[in-house]
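Q: Got a structure for you, questions after.
The values are calculated or read from the model by the stated rules, or taken from the named source; none is laboratory data. These figures come from a predicted structure and were not determined experimentally. Note that we place each Cβ from the backbone using ideal geometry, even for glycine, and neighbour counts take in every protein chain shown. With ligands, DNA and RNA removed, areas are computed over all heavy atoms of the protein, side chains included. Shrake-Rupley method; radii C 1.70, N 1.55, O 1.52, S 1.80 Å.
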Amino acid sequence: MKVLGLITEYNPFHNGHLYHLEESKRITGADYTVCVMSGNFVQRGEPAIINKWARARAALINGADLVIELPFVFAASSAESFAYASVMLLDSLGIVDTICFGSESGNLESLKEIAEILVREPEVYKSLLKKFMACGLNFPQARELALNEYLKSIAYDVTDFKEIIGNSNNILAIEYLKALVKLNSSITPRTLKRISNAYSDSDLSGIISSATAIRNEIFSSANALNSMALKQSVPPDSLSVLKDEFKNGRGPVSLESFDNIILSALRRMSYAEIKEVPNVTEGLENRIMKAAETSGTLNNLIDSVCTKRYTKTRIQRILINVLGGVTKNDHKIFLKSNGPKYIRILGFTNKGQDLLNAMKKSAKLPVIMKTSDYVKSDNPHIKRMLQIEAFSTDQYVLGYQNPEFRTSGQEFTQKIVKI
């Protein structure tokens with residue numbers, strides 16, 4: 001059997017995702033599709049608009065066969081950590097033949113060339129990176145300039161380079177390719193050229209719109225799910241999942257849903273404690289502490305802390321890690337131990353049962369069907385990772401409008417989605 005792997009967030013599942021899913025199956029000839037999906041919090045440092053089980057359902061009813069979870073510590077992390085952990089999970093299943101990801105470029109060979117440079121890290125490139133970082137640039141900006149200068153030094157045609165490295169899906173594509181090389185994975189990469197609007201476009205653009213535009217539309221109106229514009233952008237089954245979650249008061253969830261919770265947490269923390277949150281460096285804890293004391297909302301705080309060096313996404317990830325109780329030591333231990341320590345099943349179809357059966361023989365990590373079976377694991381990495389997952393879910397549900405669904409412990413009571 002041919003198995004396709006996809007790395008996803010589905011926040012929410014829309015027509016662009018459906019195109020990617022169906023076209024990836026077509027070009028790879030896959031018989032089965034497995035998705036690694038972010039849990040309740042996503043890579044740009046925000047809560048998902050609906051919970052992970054609802055998003056898994058949307059994926060399964062639209063053609064995926066198996067959905068596994070990317071743990072919180074990697075889902076709300078840098079592009080490099082997010083990509084490495086996701087690819088590592090797909091590789092650990094022992095059944096995935098091909099991975100297919102979107103990119104603005106659509107040129108796999110160009111993406112591979114850049115990925116190989118970043119894996120090798122030639123001394124000239126490292127010196128350039130260090131120089132640009134010393135100028136006060138953030139890492140993505142410094143890396144772009146360092147790569148550009150290095151490619152010129154080896155007489156590489158840089159005509160298309162800026163367009164490649166300056167687009168979000170291309171950046172993730174390069175990180176996926178880096179991860180495949182580092183893992184010495186046998187998984188074959190493929191890429192689909194992104195169609196229609198860009199990842200960060202904020203306006204709806206017909207049949208295929210960005211997730212950002214769709215979320216903006218939802219947050220702009222209480223009746224957005226009934227608008228013709230949204231109905232054109234989201235598959236009917238996915239729209240039905242959204243309507244069900246919203247009807248029950250389990251969404252839409254946004255970063256603003258946690259204004260008071262995160263501000264309260266920051267005001268209780270000391271400088272030393274804030275300093276130990278992932279991505280807090282170079283005295284950033286001072287800016288955050290001052291902003292927490294003077295801001296009435298998270299948007300105010302983010303605007304106060306952001307600079308050319310400290311991007312909005314980075315600040316949001318810091319805030320989400322505060323909410324999830326994650327420390328630099330957690331990140332250090334998990335990265336040093338080579339990523340996720342388990343395969344957590346969120347949902348599967350009848351076809352997906354074939355994949356689960358195959359994984360019994362091939363999986364390199366424990367497959368978790370029932371979280372409560374592993375919370376007292378002898379493996380400290382599994383135990384801590386699941387503790388963070390449970391705590392972050394307990395925090396996430398506080399963003400629901402309906403207090404009936406804000407109970408803690410849902411990480412252990414929520415059933416796997418079966419279609």
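Q: If you take the residues of the range 83-103 that are among the hydrophobic types (A, V, I, L, M, F, W, C) and either over 25 Å from Asn279 (Cα atoms) or over 23 Å from the mean Cα position of the chain (by Cα) (or both), which of them is surrounded by the fewest Cβ atoms within 10 Å (Cβ to Cβ)?
A: Among them, the one singled out is Ile95.
Q: Report, by residue number, each residue of the range 247-296 that is open to solvent by 30 Å² or more (accessible area, probe 1.4 Å), free of Cβ contacts under 8 Å to residues at least 24 places away in the same chain and part of a helix (DSSP H, G or I).
A: Lys247, Asn260, Ser264, Arg268, Tyr271, Ala272, Glu273, Lys275, Asn286, Arg287, Lys290, Thr294
Q: Please tell me if Leu323 is in contact (Cβ under 8 Å) with a residue 12 or more places away in the chain and under 14 Å from Ile274 (Cβ atoms).
A: When the stated conditions are applied, Leu323 passes them.
Q: Scan the range 187-207 for residues that are in contact with a helix residue (DSSP H, G or I) (Cβ under 8 Å, 6 or more places away or on another chain) and either part of a helix (DSSP H, G or I) or at pLDDT 95 or above (or both) and jot them down.
A: Correct list: Ile187, Pro189, Arg190, Thr191, Leu192.
Q: Just checking, how many residues over the range 208-246 are crowded, with 17+ Cβ neighbours inside 10 Å and either on the phi > 0 side of the Ramachandran plot or part of a loop (DSSP other than H, G, I, E, B) (or both)?
A: 5
Q: Using beta carbons and a limit of 8 Å, which pairs, at least six apart or on different chains, have the first residue in the range 123-140 and in contact (Cβ under 8 Å) with a residue 12 or more places away in the chain and the second one open to solvent by less than 100 Å² (accessible area, probe 1.4 Å) and assigned to a loop (DSSP other than H, G, I, E, B)?
A: From residues that are in contact (Cβ under 8 Å) with a residue 12 or more places away in the chain, the pairs are Gly136/Arg309; Leu137/Arg309; Asn138/Arg309; Asn138/Tyr310; Asn138/Thr311; Pro140/Thr311.
Q: For the list (1) touching a Lys or Arg at 6+ places or on another chain (Cβ under 8 Å); (2) open to solvent by 10 Å² or more (accessible area, probe 1.4 Å); (3) at pLDDT 95 or above, I need the number of the one condition that Glu80 fails.
A: Here Glu80 clears every test but (3).
Q: Just one of (1) within 17 Å of the chain's Cα centre (by Cα); (2) open to solvent by 60 Å² or more (accessible area, probe 1.4 Å); (3) of a type in the set (Lys, Arg) trips up Arg314, so point out which.
A: With respect to (1) within 17 Å of the chain's Cα centre (by Cα); (2) open to solvent by 60 Å² or more (accessible area, probe 1.4 Å); (3) of a type in the set (Lys, Arg), Arg314 is out only on (2).
Q: Does Arg26 qualify as being of a type in the set (Lys, Arg) and either touching a residue at least 60 places away in the same chain (Cβ under 8 Å) or assigned to a strand (DSSP E or B) (or both)?
A: Judged against the criteria, Arg26 is not a match.
Q: Output the residue which, of all residues in the range 297-310 that are assigned to a loop (DSSP other than H, G, I, E, B) and open to solvent by less than 50 Å² (accessible area, probe 1.4 Å), is modelled with the lowest pLDDT.
A: Arg309
Q: Would you tally the residues in the range 370-393 being open to solvent by 40 Å² or more (accessible area, probe 1.4 Å), farther than 21 Å from Ser337 by Cα and at pLDDT 95 or above?
A: Qualifying residue count, the range 370-393: 1.
Q: Take the residues in the range 133-179 that are among the β-branched types (Val, Ile, Thr) and modelled with pLDDT under 85, then tell me which one is surrounded by the fewest Cβ atoms within 10 Å (Cβ to Cβ).
A: Thr159
Q: Being of a type outside the set (A, V, I, L, M, F, W, C) and open to solvent by less than 20 Å² (accessible area, probe 1.4 Å) is the filter; apply it to the range 317-338 and report the residue that is nearest to Lys182 (Cα to Cα).
A: Asp330
Q: With the structure loaded, tell me whether Gly106 is of a type in the set (Gly, Ala, Ser), open to solvent by 20 Å² or more (accessible area, probe 1.4 Å) and closer than 30 Å to Pro366 by Cα or whether it fails that test.
A: When the stated conditions are applied, Gly106 does not pass them.
Q: Given the conditions (1) over 20 Å from Val326 (Cβ atoms); (2) touching an Asp or Glu at 6+ places or on another chain (Cβ under 6 Å); (3) not β-branched (Val, Ile, Thr), which single one is not true for Lys275?
A: For Lys275, the exception is condition (1).
Q: Further question on the same structure: Has the range 65-75 got at least one residue that is part of a loop (DSSP other than H, G, I, E, B) and either surrounded by fewer than 24 Cβ atoms within 10 Å (Cβ to Cβ) or on the phi < 0 side of the Ramachandran plot (or both)?
A: yes
Q: Output yes when any residue across the range 28-48 is charged (D, E, K, R), within 23 Å of Ala224 (Cβ to Cβ) and either open to solvent by less than 10 Å² (accessible area, probe 1.4 Å) or in contact with a strand residue (DSSP E or B) (Cβ under 9 Å, 6 or more places away or on another chain) (or both), and no when none is.
A: No - not one qualifying residue is present in the range 28-48.
Q: Return the pairs, sorted by first residue and then second, in which the second residue is among the polar types (S, T, N, Q) and open to solvent by less than 10 Å² (accessible area, probe 1.4 Å), the first residue lies in the range 61-74 and is closer than 14 Å to Ser38 by Cα, the beta carbons are less than 8 Å apart, and the residues are 6+ apart or on different chains.
A: Pairs that qualify, where the first residue is closer than 14 Å to Ser38 by Cα and the partner is among the polar types (S, T, N, Q) and open to solvent by less than 10 Å² (accessible area, probe 1.4 Å), are Leu66/Thr33; Glu69/Ser38; Leu70/Ser38; Leu70/Ser86; Phe72/Asn40; Phe72/Ser392; Phe74/Ser86.
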